[in-house]
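Please read the structure below before turning to the comments.
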Amino acid sequence: MIDLPDLDSQLAALNQPLEPTLHKLLQGRIQDALALELGDLTHILVIEPGDEEGDIIDAIGFSPLVSRIDGIHLQPDWDWIDRHEGWWEPVYTVSNDGFAFILFVQDAPGVLSDLLDLCRGGWTADA
């Protein structure tokens, strides 16, 4: 898991050895956040093989496997999701000021199967 709760940690991550697609995605989201003046309102979490639901909760305060609205297990409640080569990107906007959690979920063996199923089942080309 790569937890990037603020702009400084996000920029520092770009100097680390990352999978090329992930590097490109991170760079793009950081640029977007800066352009929209949301650099201090974006928390990025990278979920990789071996990461557990409890680790995600510790990092962002909720589980993407449970709807924050009504507590239903495996009910997506992200605001937006996109599919990239080898990655899923669910986005959760959590306040009126634009604060958001951006998750990058690696589509790989060893990643929480329920989370991958949720992403795969909740994505459409029109999303």
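Diffusion coefficient (Stokes-Einstein, Kirkwood radius over C-alpha pairs, 20 °C, 1.002 mPa s) for region 70-127: 177 µm²/s, rounded to a whole number. The HN-Hα couplings worked out from phi for region 11-28 by the Karplus form 6.51 cos²θ - 1.76 cosθ + 1.60 (θ = phi - 60°) are 5, 5, 4, 5, 8, 9, x, 10, 4, x, 5, 4, 4, 4, 5, 4, 4, x Hz, whole numbers, x standing for Gly and Pro.
The base-10 log of I(q)/I(0) for region 19-73, evaluated at q = 0.12, 0.16, 0.25 Å⁻¹, reads -0.40, -0.67, -1.00 [Debye formula, identical scatterers on Cα atoms, solvent excluded]. Our estimate of slack between residue 68 and residue 11, defined as 0.36 nm per intervening residue step minus the Cα-Cα distance, is 17.6 nm. Taking the inverse of the mean 1/r over every pair of distinct Cα atoms in region 2-122 gives a Kirkwood hydrodynamic radius of 14.6 Å. For region 3-85, applying the loop criterion from DSSP together with a ceiling of 11 other beta carbons within 10 Å to the GluC sites (Glu not before Pro) yields 37, 52, 85.
Since every read-out is calculated from the coordinates, none of them should be taken as a lab result. Everything numeric here is computed off the predicted structure, so don't read it as measured data. Because the Cβ atoms are built from the backbone with ideal geometry, glycine has one as well, and the counts that use them run over all protein chains shown.
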